[in-house]
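Down below is the structure, laid out as structure tokens.
The values are calculated or read from the model by the stated rules, or taken from the named source; none is laboratory data. Only a predicted model underlies this, so the values are computations on that prediction, with no experimental measurement involved. Here the Cβ is made from the backbone with ideal geometry for all residues, glycine too, and neighbour counts use every protein chain on show. The area values use the complete protein model at the heavy-atom level, side chains included, leaving out ligands, DNA and RNA. Shrake-Rupley method; radii C 1.70, N 1.55, O 1.52, S 1.80 Å.
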Amino acid sequence: MKVKKFGGTSVGSAERIQNVGKLISGCKKDVVVLSAMSGTTNSLLEISSAIKKEDKIQAANLICQLRKKYADTIDALFKSEEYKSQATEAINEIFSELNDLAEKPFSTKLEKEIVAKGELMSTRLMDLHLHEEGINSVLLPALDFMKTDRHGEPVEDFIKEEASKAISKHPDADLYITQGFICRNENGETDNLQRGGSDYTASILGALLGAEEIEIWTDIDGMHNNDPRYVEDTRPVHNLHFEEAAELAYFGAKILHPTCILPAREHNVPVRLLNTMDPEAEGTLIENNLERNSIKAVAAKDNITAIKIKSGRMLLAYGFLKKVFEIFEKYETSIDMITTSEVGVSLTIDNEKNLPQIEEELSKLGAVTIDRDMVIICVVGDLEWTNKGFEAAALDALRNVPVRMISYGGSNYNISFLIRKEDKTKALRLLSYHLF
């Protein structure tokens, strides 16, 4: 059994739903996780925003616009009047619920109920389409088994037990269709997984159900060795270690959220990234096998702020770093890179929400300097410190680019450079030219 996840673009129209149907029609006993149709979640958030503003007319108009989109999709997706009627009835029921929700006062709980409708609609349409094509699929409501605790973390024992029960009730099914992203929280309320959305659902289910493989289908053929928006002639990386993929995801490779790697890595279930627009492409396989002595890829993370705290009192001062870290912990701000010397600390953050308060408290420890509009360039591969020449090759490639900070040795899989925003494209191209 495999777990296959298809994103919003992959099911973004009647034609694409049909294409996904063809891709999964020959699979037996696989679990298929679907996102909402592309554009739907944004529309639902706009409806939620109108409710928050107490603008019932705008909310009603937005609901009507979205209903028309689904009516047009149904008309194009189904061949028979029987299935068109069933699909229309199912979608109208969901829109009736949306209209009822639009009459209620706004709350974050209400917004999550509204947003969940997208996945509920896409899976209903896919399930009916497969039935029309003669495929014995079963729709498994994710809200019956996907559950998070008070910290928003998946309740693994519950998910494993309830998902297994749901599948075992339908032993003759060809395929199992379920929703990504949505879940219930500890209070039984409709909620969502937030980080990584449907990818995270697929990874959790694949890991806990002991899947042979987890397939993440998007509109690009795997992780590339550089950002194709800035660098020409990039190519897919065919194999990555879980740690390499996590580094790339965290530092800018948008195809996969870093959180999605964790369940699969912990349960040693391979993840394969594939392209619905080019299903024959090899894609990227992520597993626990490390290809030695190779640099795999380069990624960039934007909107970075660098902070330097310089203090003569730091010299041999016990507890100085502890005080610095406590300030960032207090304001719930994570740190990406950090370097230290006898008289100062430089670090980076990607969220300036609480920067004024952080700066004020850090200034009590020393002189604070802030550099905005910075970019972290991350070079990923087998960067074990005993390997010779890899870090030197990356440094040599950037010899004509001003580098604010370098982080090396914190991981065996990356070396990171902090540079100015205006040097990003040049740096990415130089690294591709010299390393690949």
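Restricting to DSSP loop positions (anything but H, G, I, E, B) with no more than 16 other Cβ atoms inside 10 Å of their own Cβ, which trypsin sites (Lys or Arg not before Pro) remain in region 29-74?
Answer in residue order: K29, K53.
Which semi-axes, in whole Å and largest first, does the equivalent ellipsoid of region 215-260 have when worked out from the alpha carbon gyration tensor as the square roots of 5 times its eigenvalues? Before the final figure, lay out the partial values.
Numbers: eigenvalues 55, 28, 22 Å².
Ellipsoid half-lengths, sorted descending, are 17, 12, 11 Å.
Starting from the Kirkwood radius over alpha-carbon pairs of region 251-303, derive D by Stokes-Einstein at 25 °C in a medium of 0.890 mPa s and give it in µm² s⁻¹.
187 µm²/s
Please report the antiparallel percentage of the DSSP beta bridges confined to the chain, to the nearest 5.
Roughly 60 percent of the beta bridges in the chain run antiparallel, per DSSP.
With a 10 Å cut-off between alpha carbons and a GNM built on the chain, which of S137, S341, S107 moves the most?
S341
How much accessible surface area, in Å² rounded to 10, belongs to the heavy atoms of V380 with a 1.4 Å probe?
Using a 1.4 Å probe on the heavy atoms, I get roughly 0 Å².
In whole Å, what are the Cα extents of region 171-260 along the three principal axes, biggest one first?
Answer, in whole Å and largest first: 47, 33, 23 Å.
Which of S416, S168, S407 moves the most in a Gaussian network model of the chain with Cα springs under 10 Å?
Fluctuation is largest for S168.
If you wrap region 296-361's Cα atoms in a convex hull and average its projection over all directions, what's the area in nm²?
Mean shadow area of the hull around the Cα atoms is 5.5 nm².
Using the 2.2 N^0.38 Å rule of thumb for compact globular proteins, work out how region 101-225 stacks up: its C-alpha Rg over that value, please.
Working: Rg = 15.5 Å, N = 125, 2.2 N^0.38 = 13.8 Å.
Computed over Cα atoms of region 101-225, the ratio equals 1.13.
Given a 1.4 Å probe, how much area per residue of region 1-58 is accessible, in Å²? Please report the intermediate quantities before stating the final value.
Working: 2550 Å² over 58 residues.
Dividing the accessible area of region 1-58 by its residue count gives 44 Å².
Taking springs between alpha-carbon atoms closer than 10 angstrom, which of I91, I406, I327 fluctuates most in the Gaussian network model of the chain?
Of I91, I406, I327, the most mobile in the Gaussian network model is I327.
Counting other C-beta atoms within 10 Å, and keeping those with at most 14, which DSSP coil trypsin sites (Lys or Arg not before Pro) do you find in region 122-156?
Those satisfying the criteria are R150.
If you roll a 1.4 angstrom probe over the protein chains with everything in place, what fraction of the accessible area of the chain belongs to carbon and sulfur, to the nearest %?
46 percent
Take every Cα-Cα pair in region 350-425 and report what % of them are more than 14 Å apart.
It works out to 67 percent of all Cα pairs.
Using only the Cα atoms of region 391-436, what do you get for the radius of gyration and for Dmax, in Å?
10.3, 29
Can you tell me the convex hull volume per residue for region 8-56, based on C-alpha atoms, in Å³ to the nearest whole number?
Cα convex hull per residue, to the nearest whole number: 79 Å³.
At what distance in angstrom do the alpha carbon centres of region 36-71 and region 241-278 lie from each other?
32 Å
List the GluC sites (Glu not before Pro) within region 24-102 that fall in a DSSP loop (any state other than H, G, I, E or B) and whose Cβ has at most 15 other Cβ atoms within 10 Å.
Those satisfying the criteria are E54.
With bins 20 Å wide starting at 0, give me the P(r) of the chain over every alpha carbon pair, in whole percents.
With a bin width of 20 Å, the distribution comes to 23, 50, 25, 2.
For a protection proxy built on the mean count of beta-carbon atoms within 10 angstrom, sort 280-292, 9-21, 349-361 highest first, please.
Highest to lowest by the protection proxy: 9-21, 280-292, 349-361.
Mind giving me the FRET efficiency for R67 and K28? R0 is 45 Å, r the Cβ-Cβ distance, nearest 0.05 is fine.
Numbers: r = 35 Å, r/R0 = 0.79.
Taking R0 as 45 Å, the efficiency between R67 and K28 is 0.80.
Which entries of K22/K68; K84/K169; K79/K109; K28/K296 have Cα-Cα distances beyond 32 Å here?
In this structure, K79/K109; K28/K296 lie more than 32 Å apart at Cα.
Based on the Cα gyration tensor of region 22-155, what are the three equivalent ellipsoid semi-axes, each the root of five times an eigenvalue, rounded to whole Å and given largest first?
28, 21, 11
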